[in-house]
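Taking it in order: structure first as C-alpha cells, then the write-up.
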Amino acid sequence: MTPREIIAKAWAMTKKEKLLRRWGFSSALLQTLLNVKLLTYQSWFFYLYVIKGETISFFAMEELFLRYMPASAAWTLIIIIFSMVAIEIVFPHFAQGAVIGLAAKSYKKQDVRGGLVLALYNFLPIFIVHELFVLSGLSTVITIASLMLRYGPEGDFILLPLGLLGFMWLFSNILQFFSAFAEESIVIHKAGPFEAIGRSIKLIISHLGHVVFLLILMFVISLRILINIVMILLIPGIVMGIGLLLAEFLSPTLSYTLGGLIGLALVVVASYFFAYITVFKQTVWTITYLELSCLKDLDIIEDEEKQEE
C-alpha cells in the first residue's frame, strides 16, 4: 500500500470502529487532564519564580489545601488528586495495547473485540518501552527543568544541567522515532521490549523514505501536536479567567468551583476530538507495520536456485 492508501484506510477504520474510539477517548481524556494539571502547576511556579522572585516547594499546592481547608476535606482532595495522577500516567499504556490490537484485527477483517485482554496482556512491555523514552515528553522535561531551577545550583551553574536535559530530550526523541513500531511488534508479534525496539529500528532504517513521507502526510493532515498544545494552553487560562470574573459577583469558593467544572467540560470536549486524532495516528502506524512486516528483510539474501527447488 502507498502512504496515501494507508492514510485513507486508517481514517476509514477510525470512523467505522466505535470501540477503537472509546479506548482513544479514555486515553486522550486522561492525558489531557494530566497535561493541564502539570501546565497549571508549572505556570504558577513560573509566575512566582520570574515575576515575584519566590520559590515554592514541590508540595506547595497540598500545603495550601491543608492551610485553608478543613483537614479531612484537604486530605480527601489530596488523595483524589494523587490517585487521578497515577491513573492518568498508567492508563494510556493500557489503552495503546488495546487500540493497536483492535486496529490490527479490523485491518485483518477479524472480530474487533477483546480490548481489555489486549490492554492487560501488553501493558508491562509497552510500559517498559515508554519509560525508556520518558525524557522525550515535553511536559516531563518541563517538570524536571522546574525542579532543577528550584533545587539546583544558582546563577550560571544551572545552565549546564539544563543544557544536558535539552540534549537528552532531543536524543530521546530521535531514539523514540526509530522505535516507533516497538509497540506494534509487542502487541502483534508478542515480542519482548528490547526485541521489539530492535525490530522497529531495522524496519524504519530499511524503509526510511516510506516512513518519512508517511510522517509528512500525517503532520499535514492531523496537526495533532499544534492543536494539543493550543488546547492545553487555553483551558487553564479560560478556567482562571472565568473564576476571576465570577469572583466579582459570587464567593471565591463557588466561583472557582464553577470555573473548574467549566474547565472539565472543555477538557471532555477537547478529548472527544483528540480521540479521533489519537486513534487515527495509531492506526496509521499499525497498518504501516503490518504492511512492512510482510516485506522481505533487506539483510536477508536468499538463493534463487533453492527457491526454485
Separation in nanometres of the label points that stand 7 Å from Cα toward Cβ, at Thr257 and Met61: 2.0
Debye, to nearest 20: dipole size of region 90-199, +1 on Lys, Arg Cβ, -1 on Asp, Glu Cβ: 560
Note, ³J(HN,Hα) from phi for region 264-276, Karplus 6.51, -1.76, 1.60, rounded to Hz, x at Gly and Pro: 5, 5, 5, 5, 5, 5, 4, 5, 4, 6, 4, 4, 4
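Calculate, in nm to one decimal, what Glu131 and Leu19 gain on full extension: separation in residues at 0.36 nm each, minus their alpha carbon distance.
37.6 nm
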Packing-based order for 80-93, 121-134, using average beta carbon neighbours within 10 Å, highest first: 121-134, 80-93
Computed over region 171-216: relative contact order in percent, which uses C-alpha pairs under 8 Å that are six or more apart: 35
Among the listed pairs Lys9/Lys190; Lys37/Lys281; Lys105/Lys202; Lys37/Lys202; Lys190/Lys281, those beyond 32 Å (Cα-Cα): Lys37/Lys202
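Read-outs throughout are calculated quantities, based only on the coordinates presented, and are distinct from any laboratory measurement. Keep in mind that what you see is a predicted model, and the values were worked out from it rather than measured. Please note: Cβ atoms are built from the backbone with ideal geometry, for glycine as well, and neighbour counts cover all protein chains shown.
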